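Notes follow once the structure below has been shown.
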Amino acid sequence: MFKHLIRMGAAGLTLVALATSCSEEQQFTSEKRDAKRVDVQVLNAELAKVRDYVPLYAVIAHRGSTFWAPEETEASWRWAREMGADYLESDVQCTKDGIVLANHDENLKRTTNIENVFSEAVPTSRVDFYMSLGFSRDDAEKQYGRDVAAFRPFYTLSYYYAELLMLDSGSWFNETSLEQARPSFAANSGYFDKTTGKIVYSDGLYISAIQDQIAYAEGKRLVRDANGRRVLSYKVKDEYKGMTLDQIYNAIKAKGQYKPKYMDFIEYDFANAYEADPQDTGNRPGIYVEFKESWLNPDNMEQRVYDALTECGWNIIEKPATETAFYKGGKVNVGNTNGKVILQTFSFDALRRANDIFKGRVPMCYLLWISEPAYATDIAIDDPTGYAAFIKWAQDNGAHIIGPAISGAPNNYPEMNAPWQAYMIRKSGMINHPYSFDSWAQMCKYMGYYNYDLETEFDDLLRLNIPATAYTASGYPSSVPVYMDGFFTNRTEMSLKYMIENGFRGNAKLPNPFHAGQYYDNSQANVTVPDAIQTLERLGY
Amino acid sequence: MNKYFIMPALALMALGAAAQDFDNDPTLQLEKQDAKFTIGARFMADAATYHSDFTPLQSGASISDARIRTSFTYKNWYLYADFGFGGGKFAQKNIFAQWSNGTHSVKAGYYNDPAGSMARNTSLGSYHFISRAGSSNSLGEGRELGISYKYNTDRFMAYQGVFTENQYNKIDAGFKGLTIDGRYLVRPIIDDNQTLHIGVSGRFAHLGGGEVYNNILKKTYHMSQSLETFVDEDDQFVTADLDWANNVGSIGAEALYHNDKFFIRGEYFYKHVTKKRDTYSLMIDAQNNIDGWGSLEAWDNANKLRSNNFHGGYVETGFQILGSGYKYNKCDGLLGGLNGKALEIVARYNYTGLNDLTDGEYFNAGRGHYYAAGYMEDWPGTGATSVGGGNLHSATIGLNYSFNKYVQVMVDYTYHRLCSDYHPNDKNFHVGQARLQFTF
């Protein structure tokens, strides 16, 4: 009996040892391995159809450009359009009078001279401004009191759009980007002219409204007067005519849709605010609009964007595009297709509310960020399980694109587009639009150059065999794992050059990663990149 | 006359000693007049192999326990101390003094909480499985510093005491807390061959210690268990930290029956944790930017607090194929371990429930948070009250063989089925493990 037990024990220990040595896969956690093991929700057919509205290998001009010109201004977006970017990217904020701004920061101190124009209090011209619209002093002063109560110094939501047009949105760039500074970016600030009872706008670059951004994408520019000040008239909306400010305030409050600190009773004449840009060369990019912090904007911000797009004829739900070609005769034509608008957000609330309104019928990018400690909308557990949970959340709320941060100078963002992460995005059938590219090295890294002809563990989904074109620098086809399907860039000129020289653009036979066996043809895209500086000069900057 | 009193008392004390952490009386015993000193040791080495669906566990071998134990007996007094150095770390185990006349006993020092569970009061050296049932580890309690009184007869045992949270005054802030508890048994059957005991236990603990953040004392109650194994004691799968815990109420029920060849025993645990915080101060501290809360109500809605309830239990059974039969330790109301050459097969089912979920809340594994709205929200907070500590079903079969009263080998296989929002890819775990243990 004893010997038998000893034998059994020895056999048991041997089995344990064998099992231990055989279970190498169980020895440690590997994100690379887990990325292949974790189930990822796949985009359904309805969302996949909308995904295909978006051109592959799109060059998305981040804020127009943060490198060459003051971001999200007429200068940066006209430049990006003329350079041949596929999309003009922006962020949306809301003014006190409900105008949807295309501007990044909710606090205007960084990108305007607001601290020089206004104090930390409600603009002193506010009562006069109200009176210039036909309201009595008593009425205006009463509203001024309410404005004071809801005031946040230098925050977008505290100012009327007309007031913000007094600001200079270019000088700060000259002070912080010395090498790219241009005298034409600076401006004389505006002011309230008590003699005429009118706001006089500044004479340079402005905080943009989303209507401005769309106009630039359409090949237009601002209408300006002889002094270089934009022409944009405004008046009380018809529905509020004859009412006092007190009555307007209560009427807005009664709507209950958003906080009455937003007094959206003013109408701006955007219809006559733009003219054909004489420097337009025919590119028609789309726009890529980001919903920002939900708590800093009205609850119906997404509806406001929907309405603004409709007003401009850019809402494909209300007015589907008839063209499908992303490029025509060497010009960008995305702005004439159903891919003309892409929405984006980090915000859980904005994503959900946008889905309620747009219902997944307009391409939506869900952006990823991580920090320590995790911010309210960050992915907090950045492992394959957490990544898959966020991909599912994005799809369940009508997103078609994932936008992960990438590492590298000068931004040094956290890496959220490692090969295993790009692999999971591809597994989900969603488009991968990482942000933001500033260097050639980043393009080499995320477009596979560093793994040229080398096998990687994610080749099954990410390797792309790119046939050579007449513009391919090496003259040969290439085989690379590609960790993006388009990207946000501050260097449109560099990104286009990379794509053209490496066969991603101007190619009739790019394998389509979303439709096996099919080609993606962008041979009609522009294959020569204008000089960045000369383009700025041609545009008058 | 004195001799006739002392010798039974020594025998009783020896029995008492055996029940604390091992069943075998130490071999090295020094006796002088009416005093006796013993010194002994215990050693356990485990080998284990794990297979999981997703999260890896570290298969291998480890020294699970290595311990030196000492005791000193003098008349009605019994003094005991043992010290562990398993895992390469020195650890204080039991240290206590006990006075007893057989029916009444008073014990003071650092030792197992009477209501901590039948399993936790049973020495691992006397246990019939490689690990105690998971629910007893997560929902039961271990050693505490305090004093207890026990009334014990053949038919009844009433064992109650007053304790503090831990043995060292090393908490960051606050005081050490106070625990009042008791374990009560009735034995309808008790003779040389078989015993049936049925019992209840109750425990109330007021948590005293915690950490101070921004001048606010934050007390956290921790519950967890491993996958009933010692080689990889990872407790991430079944774990809950309850911030702002204030009082912990526990009730339990237990039953044990054995005869010579067979035993069956089980316990049920229920735990209720109340919470308390300085809401106003927390809200004021959170008013640190322009996106402030505005009102206490707004903060409170975004940071809801509620009490939590958890429960679990296990049933264990065994059949002795050869050996001298199962013995009951009346002194402590526990089943004894194998004694002498013996072979047994054992089986166990355990359930641990550390999920206390609120209906309608949404969990996202990328955030590691629940959301009260049923979807993720940006700000001001989740408002969620769910605790997703994990529910675990575990089934174990085992084979134990003792060569003699000093040396024993054990083999267990356990299947675990996990339900945890934090580990959506982990459902099934297989644990095979073996142990060599000896005591002297």
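A Gaussian network model of chain B, with springs between Cα atoms under 10 Å, assigns the largest mean-square fluctuation among B:Gly109, B:Gly366, B:Gly313 to B:Gly366. Nearest 0.05, what FRET efficiency do B:Ser307 and B:Val200 give at R0 = 25 Å with Cβ-Cβ as r? Efficiency for this residue pair is about 0.70.
Note on B:421-432: average number of Cβ atoms from other chains within 10 Å of each residue's Cβ is 2.
Annotation: the antiparallel percentage among DSSP beta bridges lying fully within region A:382-541 is about 60.
Helical content of chain B, expressed as a calculated mean residue ellipticity at 222 nm, amounts to -3000 deg cm²/dmol (DSSP H runs of 4 or more residues, -39,500 (n - 2.57) each, divided by residue number, nearest 500). Across peptide A:386-394, the average count of Cβ atoms from other chains found within 10 Å of a residue's Cβ is 4. Here r is the Cβ-Cβ distance between A:Lys253 and A:Ser136 and R0 is 25 Å; the resulting FRET efficiency, rounded to 0.05, is 0.80. Listed by chain and number, the aspartates and glutamates whose C-alpha is less than 13 Å from the C-alpha of A:Lys194, apart from same-chain residues fewer than 8 away, are A:Asp128. For region A:462-538, the relative contact order comes to 29 percent (Cα pairs under 8 Å, sequence separation of at least 6). With a 10 Å cut-off around each Cβ of B:56-67, the average count of Cβ atoms from other chains is 3.
Taking every DSSP beta bridge that has both ends in chain A, the antiparallel portion is near 45%. Comparing B:His393, B:His311, B:His272, which has the greatest mean-square fluctuation in the GNM of chain B with Cα pairs linked when under 10 Å apart? Its mean-square fluctuation being the largest, the pick is B:His272.
When only Cα pairs below 8 angstrom with a gap of at least 6 residues are kept, region B:2-439 shows a relative contact order of 15 percent. When both region A:295-357 and region B:300-336 are represented by their alpha-carbon centers, they are found 60 Å apart. The string of couplings for region A:477-488 from the Karplus curve (6.51, -1.76, 1.60, θ = phi - 60°) is x, 10, 9, 9, x, 10, 9, 6, 10, x, 7, 7 Hz, one whole number per residue in order, with x for Gly and Pro. For A:Lys445, a cut-off of 21 angstrom between C-alpha atoms picks up these lysines, skipping any fewer than 8 places away in its own chain: A:Lys32, A:Lys427, A:Lys497.
Within the same chain, lysines fewer than 8 places from B:Lys32 are excluded, and of the rest, those with a Cα less than 20 Å from its Cα are B:Lys3, B:Lys75. Sites listed here are trypsin sites (Lys or Arg not before Pro) in region A:339-384 whose DSSP assignment is loop and whose Cβ has at most 12 other Cβ atoms within 10 Å: A:Lys359. Short-range pairs are left out: with C-alpha atoms under 8 Å and at least six residues apart, the relative contact order of region A:197-330 is 29 percent.
Distance between the modelled labels on B:Lys341 and B:His272, one decimal in nanometres: 5.4 nm (7 Å Cα→Cβ projection). Bridges between two residues of the protein assembly as shown, per DSSP, are antiparallel at a rate of about 90%. Using the average count of surrounding beta-carbon atoms within 10 Å as a protection proxy, the listed peptides B:284-293, A:431-440 rank, highest first, as A:431-440, B:284-293. Applying Stokes-Einstein at 37 °C and 0.692 mPa s to the Kirkwood radius of the protein assembly as shown, computed over alpha-carbon pairs, gives a translational diffusion coefficient of 99 µm² s⁻¹.
Here region B:20-73 and region B:88-138 have alpha carbon centers that stand 13 Å from each other. Protection proxy ranking for A:495-506, B:127-138, using the average of other Cβ atoms within 10 Å per residue and placing the highest first: B:127-138, A:495-506.
The fewest-to-most ranking of B:Trp299, B:Trp379 by surrounding Cβ atoms within 10 Å reads B:Trp379, B:Trp299. Taking 7 Å steps out from each Cα toward its Cβ at A:Asn412 and A:Glu267 produces label points 5.2 nm apart. From helices alone, chain A scores -9000 deg cm²/dmol at 222 nm; the rule is -39500 (n - 2.57) for each run of n ≥ 4 DSSP H residues, then divide by the residue total. Helix B:2-21 axis versus longest C-alpha principal axis of chain B: approximately 40°, rounded to the nearest ten.
Each part reduced to its alpha carbon centroid, region A:441-492 and region B:263-298 end up 51 Å apart.
Please give the helix A:245-255 orientation as an angle from the longest Cα principal axis of chain A, in degrees from 0 to 90, rounded to the nearest 10. Roughly 30 degrees, rounded to the nearest 10. Once the Cα atoms are used to define both axes, helix A:301-311 deviates from the longest principal axis of chain A by about 70 degrees. Sketch the reach of a paramagnetic label on A:Lys237 as a point 7 Å from Cα along Cα-to-Cβ, and name the residues of region A:187-224 whose backbone nitrogen lies under 17 Å away. The answer is A:210-211. The order of the peptides A:387-396, A:342-351, A:134-143 by mean Cβ neighbours within 10 Å, most packed first, is A:342-351, A:387-396, A:134-143.
The simple Förster model, with R0 at 25 Å and r as the Cβ-Cβ distance, assigns A:Glu46 and A:Ala325 a FRET efficiency of 0.60.
Computed from label points 7 Å out along Cα-Cβ, the spacing between A:Leu178 and B:Ala298 is 4.4 nm.
Computed from the coordinates by the stated procedures, all read-outs in this text should not be read as laboratory data. Values in this document were obtained by computation on a predicted structure and should not be read as measured data. Virtual Cβ from ideal backbone geometry, glycine too; neighbours counted across all protein chains shown.
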